[in-house]
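Take a look at the structure set out below.
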């Protein structure tokens, strides 16, 4: 259900990798459900419903395998389903436990995700997409090997999708930059103009991030005015009429 390419893109952190792994598998199951129920409405869905049950069983198997590989203790009480198990009830209960765990992880890592991403307005997104298109055109004219072109195009496409999200991961832009620098290092000098375009994209992202972080900085506490020191009053000089006790 998950490809080797998708595995390579998982985060290095084991817990975050598990969350992303499960998210990919769940999407496959949901797509299968939509397909199966659509065909069921047309009266031809019985074989697909059986296929859906098989898909759910495979989901549980693979998620449990990932939980053990990444040492996720929250699911250690679950076992691989047997052929006699009611897979529908099992799937509902299992996904409830998975959701309980992954929701906690997402909440705990939300500040980190925000730190490594930036929200872009429509104007900045349009500028970045303009640069992405220019980079595509430059790559096309660079006479690169097809595998090199495909790799760059793929990273550009991922970055373009990232730009359109509510928050753009800064790492996505860095992946394109590293790929271009690697190409230049291999002697593909015609990629040099591309690096300048990526520098322009980086500048846009950097200014957006600085502005965003600046807006979140707490305002300095209001300084209280210090009253000027009061004038010290000298004690009055006693007069002859004052009574002086002995």
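Whether any residue in segment 39-59 is under 22 Å from residue 104 (Cα atoms) and in a helix (DSSP H, G or I) is what I want to check. So that I can check it myself, show each step before the final result.
Just the residues of segment 39-59 that are under 22 Å from residue 104 (Cα atoms), to begin with: 59.
Filter again for in a helix (DSSP H, G or I), leaving 59.
Yes: one or more hits.
Would you call residue 75 touching a helix residue (DSSP H, G or I) at 6+ places or on another chain (Cβ under 8 Å), within 30 Å of residue 172 (Cα to Cα) and free of Cβ contacts under 8 Å to residues at least 60 places away in the same chain?
No.
Only one of these conditions is not met by residue 170: (1) at pLDDT below 85; (2) over 18 Å from residue 132 (Cβ atoms); (3) touching a strand residue (DSSP E or B) at 6+ places or on another chain (Cβ under 9 Å). Which number is it?
(2)
Name the residues in segment 76-89 that are crowded, with 17+ Cβ neighbours inside 10 Å and not in a loop (DSSP other than H, G, I, E, B), would you?
Listed by number, the list holds a single entry, 87.
State the number of residues belonging to segment 157-192 that are in contact (Cβ under 8 Å) with a residue 24 or more places away in the chain, assigned to a helix (DSSP H, G or I) and surrounded by 14 or more Cβ atoms within 10 Å (Cβ to Cβ).
Qualifying residue count for the region: 12.
From the list 162, 140, pick out the single residue that is at pLDDT 85 or above and under 25 Å from residue 10 (Cβ atoms).
Details: 140 fails: under 25 Å from residue 10 (Cβ atoms).
Just a single option satisfies the conditions, and that option is 162.
For the condition more than 30 Å from residue 70 (Cα to Cα), under 19 Å from the mean Cα position of the chain (by Cα) and not assigned by TED's automatic domain parsing to the domain that holds residue 56, what is the one hit in 155, 125, 141?
Result of the check over 155, 125, 141: 125.
Consider residue 103 carefully, then state whether it is closer than 30 Å to residue 172 by Cα and touching a residue at least 60 places away in the same chain (Cβ under 8 Å).
Numbers: closer than 30 Å to residue 172 by Cα: yes; touching a residue at least 60 places away in the same chain (Cβ under 8 Å): no.
Considered against the rule, which asks whether it is closer than 30 Å to residue 172 by Cα and touching a residue at least 60 places away in the same chain (Cβ under 8 Å), residue 103 comes out as no.
The values are calculated or read from the model by the stated rules, or taken from the named source; none is laboratory data. On a predicted model such as this, the values are computed, not experimentally measured, just so you know. For neighbour counting, all protein chains shown are included, and Cβ atoms are generated from backbone atoms with ideal geometry for every residue, glycine included.
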